[in-house]
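Step one of this worksheet: look at the structure below.
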Amino acid sequence: MNEDLMMMQPGESVDDYLWRLGTMKEHGIIDLSWDELAVIMNAATSGLRSGMQESGWRKRFTKMKVEAEMKRFKASPFTDDAVGPLDTWMDEDLKSDHTKGEDNLLTPKEYAMEKLRTQIRDERSALRRIVRKEARTDNLMDLFEQAIKKYEPLSDETIDRIDAKPDRGTAIYALLSDVHYGITFSSIGGEYNSEIARKRVLQYAYEIINIADTNGAQTCYVTLLGDMISGMIHSAIRVENKENIIEQVVGASELTAEFLHILSENFSDVYVNSVSGNHSRLDLNADDALRAEKLDSLIPWYCKAKLADVANVIFSDEGPDSTIVARTIKGKTYVAVHGDMDKNLSVSASNIERKIGAHVDYILCGHLHVPEFRFEHTGFIRNGAVCGSGDEYTVKKRLFSPPAQVCMLVSDRGVEAVYPVML
């Protein structure tokens, strides 16, 4: 180890010295523990901070890192100009030693400093990417707010709860997902656009009411299982989308609010929860997308505001994550996921049971666009898709399925019946 690197330099402040040693430690230039660095710092600063514990120096260095990074970013967010004691020290070192060495090759000290400078530049670039993403999100929210103002409220009056029907101890559980609002296609697989989406979703609402009337169900539970919008996750989808992403979110929200409004006029209570799908992510790269950054999450928020005067529509988020919600109905636990993260539903059910500390009686999902029901130790119920098939992706994959949604009749015995509603 070069002893000169470890010594406090002439004119170097205590904080500059700590910054230099701490940064060299973090990047492997020196192999010392914080206990050892504390001894060095205490010896070099005798009479100033002598006797400070390891934790004191370490916490001071951490605070300086945060302050320095913010200072760099504020000073020059879109250039590689660096600000701070370490950068000044590196620049002077490189200038003074640049001509040393044979054939202008870097000396070991120059190499170590250049490596450190590159690492700091990379960290700063990563910070800029995060800030740019946040700026795009803020801009998206501003556009979303402007688009909302174009729509009239559904009703200015509070809707009273309907007269109670004969109670047979049952309830309706309706799944709504894979609307893919905004996509337009006409092909061998079928035809679809936003107007067709609206007709199908409202048809579904009235089918639910008919099933409830037949079975004497007074209460309706609704789960929005994700992919309510088409999104922009594939190049083919971006071509087929008629509406931009803002119009998709607002249009899907308006449609969902209308769907819930119709149900509210025909059930004593409508309980709503939701999970996010994979088509609404903000980042086009699935690996970089964060679970919580999904535009699907705006839809229940919009509907809650839109239906604020409708007393019998109750929104909840009973789950450990934005991709998992759970609710208990008449003693049975129903867990809902979109399905893109759940390749094996049996494994997912077992993992979620450990997470929530309760047996999962039923796991509900969408994603694959084909209704499916299987009842084992845990019941597995998969929803269909409002859009059906016929877009570029499904035609290429030969994935042909009719548009359908699934609702269930539930009681204290669990799922009494499953109704695949063809649209």
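Those residues that are under 22 Å from the mean Cα position of the chain (by Cα), surrounded by 23 or more Cβ atoms within 10 Å (Cβ to Cβ), at pLDDT 65 or above and not in a helix (DSSP H, G or I), I need them from the range 234-280; list them, please.
Answer for the range 234-280, where residues must be under 22 Å from the mean Cα position of the chain (by Cα), surrounded by 23 or more Cβ atoms within 10 Å (Cβ to Cβ), at pLDDT 65 or above and not in a helix (DSSP H, G or I): Val272, Ser274, Val275, Ser276, Gly277.
Assuming Asp321 fulfils every condition listed in (1) modelled with pLDDT under 85; (2) within 23 Å of Gln218 (Cα to Cα); (3) charged (D, E, K, R) apart from one, which condition is it?
The number of the failed condition is (2).
Under the condition of being modelled with pLDDT of 85 or more, in a loop (DSSP other than H, G, I, E, B) and among the hydroxyl-bearing types (Ser, Thr, Tyr), which residue from the range 144-183 is nearest to Ser411 (Cα to Cα)?
For the range 144-183, the residue satisfying everything is Thr170.
Among what's in the range 55-78 and is over 11 Å from Asp15 (Cβ atoms) and among the charged types (D, E, K, R), pick the residue that is modelled with the lowest pLDDT.
Among them, the one singled out is Lys74.
Taking the range 332-344, which residues are in contact (Cβ under 8 Å) with a residue 12 or more places away in the chain and surrounded by fewer than 24 Cβ atoms within 10 Å (Cβ to Cβ)? Quick ask: steps written out before the conclusion?
Taking the range 332-344 as the starting set, the residues that turn out to be in contact (Cβ under 8 Å) with a residue 12 or more places away in the chain are 332-342.
Hits for the range 332-344 are Lys332, Thr333, Asp340, Met341, Asp342.
When only residues in the range 184-194 that are part of a loop (DSSP other than H, G, I, E, B) and touching a Ser or Thr at 6+ places or on another chain (Cβ under 7 Å) count, which is surrounded by the fewest Cβ atoms within 10 Å (Cβ to Cβ)? Talk me through it step by step, then tell me what you get.
Of the residues in the range 184-194, the ones part of a loop (DSSP other than H, G, I, E, B) are 184, 188-189, 193.
Pick out the ones that are also touching a Ser or Thr at 6+ places or on another chain (Cβ under 7 Å) and you get 189, 193.
On the way: Gly189: 20, Asn193: 16.
Applying the filter and picking the extreme gives Asn193.
I'd like to verify a number: residues in the range 1-36 that are of a type outside the set (Ser, Thr, Tyr), under 41 Å from the mean Cα position of the chain (by Cα) and either farther than 17 Å from Met113 by Cα or at pLDDT below 80 (or both), how many? Talk me through it step by step, then tell me what you get.
Start the filter on the range 1-36 by keeping residues that are of a type outside the set (Ser, Thr, Tyr), which leaves 1-12, 14-16, 18-22, 24-32, 34-36.
Cutting the leftovers down to under 41 Å from the mean Cα position of the chain (by Cα) gives us 15-16, 18-22, 24-32, 34-35.
Those still in the list that are either farther than 17 Å from Met113 by Cα or at pLDDT below 80 (or both) too: 15, 27-29, 32, 34-35.
The number of residues fulfilling the criteria is 7.
The values are calculated or read from the model by the stated rules, or taken from the named source; none is laboratory data. Predicted model only: the values in this text are computed from it and were never measured. So basically every Cβ, Gly included, is an ideal-geometry build from the backbone, and we count neighbours across all protein chains shown.
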